[in-house]
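This report refers to the structure that appears directly beneath it.
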Amino acid sequence: MKELRNRWSKVDDVNLSMYTGDKMSEKAYWAFKREYSFGLVNVGTPCNEKCFYCSQYWNPPNLVIAYGNWLTMEEIKHFLTFVPDKRISVIGYGHHINNGEFFAHPKSLEILKYLLDNDFIVRGIDTNGHSLTENHIQFIEKFRTKVTDHRNLGIWQGLYLHLTNYEKTKDTLELFTKYNIPYVAVIVISTIDIKNGRTEKWLELLQAHNPTEIEVVPPGYTKYTPEHISKHMEISWDDHWNYIKNWRKKFPKIPIEWEASKLYNGMAVDEITNSLRWLNKRRKKTDKKILFLVAESVEGIFESTVEKENLFKDYKVVTTKNETFGGSIKVSGLLQTSDYITALDKTISNDYRPDLIVLPKMSYFFDDLDLRGVSAHTISDKFNIPVVWC
């Protein structure tokens, strides 16, 4: 991990203890530094809620890097030096290390003031809203209205409010209305919440507020989630889609959406098509034998899109299962290098050996490292076959 950490260091000989004392491991330092290098401000893992669908309570500690403390103000200031051009994509969101609720941090107001005083631009926020105060909202309003440059790179992208308890969040919702803060309300459902009517009740209560959109999301769970919990997360796509359509009819005031519905409205096909065209332009030889490794979430549309584009003559499409996380996880963003290696071990043989392996770019989050810090080039090293992700 030291080698990986140095790749993200602005100073190769950075002294870890100078900024974090002796309590933070090299892995945790690397993960936080990586987050901030992508403009993601995560200030530690403690959370003020224990949501049934939050896998970090069930996953073993070595699955994803964990850090069980709040970052200190000095640590946060240090990691902020790695934010590109002082443009923060999301406050309160993490990818490579477990994270909790930003506004529950004891110095959250001080952090926001530091960001404002030091000309950081904040484009988005993730929160459950329980710890938000009027002082927080006033800072959010300042970030939202902050003048951006002529390219609009700092444009406000919005606030995602994860509704986990309406009564605890009601005051925050009213403050959003008072300060005219645009936000998306996100509700994660379970079979229990459907049967006891809580999800529908929350949808009804939200009609008195002003979210720009409501996202109703089915939960995902890993193989480490206890069966008595995961059985309440088993909601099929068809069932969930029917819930959405019924709720849209019953509550027409605010748009009710589902992120995964992009598979229905063509966005995923567009993304795949653009990636295929990019790959075709990048190829040096047109006669290469190509192996596409894809996530289960797109197995129903990927191969038909390749056929429609008709850019490749000799290719094979293999669906890759998420062995690392298991459970209901089917998306490419959580597929790990080890999952691809498992699929390749089963696919490559004396009778079949591709000239190029193509992976989904979402698995590597802007570069060649998965969320556990393993490089995609590990695949090239093992199989002696070039790898590209797009």
Gain in span if fully extended, Asp117 to Lys249, counting 0.36 nm per residue against the direct Cα distance: 42.9 nm
Protection-proxy order for peptides 34-41, 276-283, each taking the mean of Cβ atoms within 10 Å per residue, highest first: 34-41, 276-283
Residues Ile229 and Lys288, FRET efficiency given R0 of 51 Å [Cβ-Cβ distance, rounded to 0.05]: 0.65
Loop trypsin sites (Lys or Arg not before Pro), segment 138-245, which have at most 12 other Cβ atoms in a 10 Å radius of their Cβ (DSSP): Arg151
Charge sum, other residues only, whose C-beta stays under 15 Å from Asp339's C-beta, Lys/Arg counted +1 and Asp/Glu -1: +1
Alpha carbon centroid spacing (whole Å) that separates segment 79-104 from segment 311-352: 30 Å
Protein accessible area in the chain, 1.4 Å probe - carbon and sulfur %: 49 percent
Taking segment 28-145 and dividing mean pair separation by its residue count, relative contact order in percent (alpha carbons under 8 Å, at least six apart): 32 percent
Protection proxy ranking of 67-73, 337-343 - average other beta-carbon atoms within 10 Å, highest first: 337-343, 67-73
Amide H partners (placed H, <5 Å) of Glu215, local residues excluded: Ala185, Val186, Ile187, Glu257
Among the listed pairs Lys27/Lys382; Lys284/Lys313; Lys178/Lys201; Lys146/Lys168, those beyond 18 Å (Cα-Cα): Lys27/Lys382; Lys178/Lys201; Lys146/Lys168
Alpha-carbon spread of the chain, three principal axes, descending order, Å: 65, 57, 48
Accessible area per residue in Å² at 1.4 Å probe, computed on segment 44-161: 45 Å²
The chain - share of DSSP beta bridges that are antiparallel (%, nearest 5): 5 percent
Low-density loop positions, GluC sites (Glu not before Pro), segment 291-390 - DSSP coil, at most 16 other Cβ in 10 Å: Glu299, Glu323
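The values are calculated or read from the model by the stated rules, or taken from the named source; none is laboratory data. Keep in mind the model is a prediction, meaning the values are calculated, not measured. So basically every Cβ, Gly included, is an ideal-geometry build from the backbone, and we count neighbours across all protein chains shown. The area values use the complete protein model at the heavy-atom level, side chains included, leaving out ligands, DNA and RNA. Shrake-Rupley method; radii C 1.70, N 1.55, O 1.52, S 1.80 Å.
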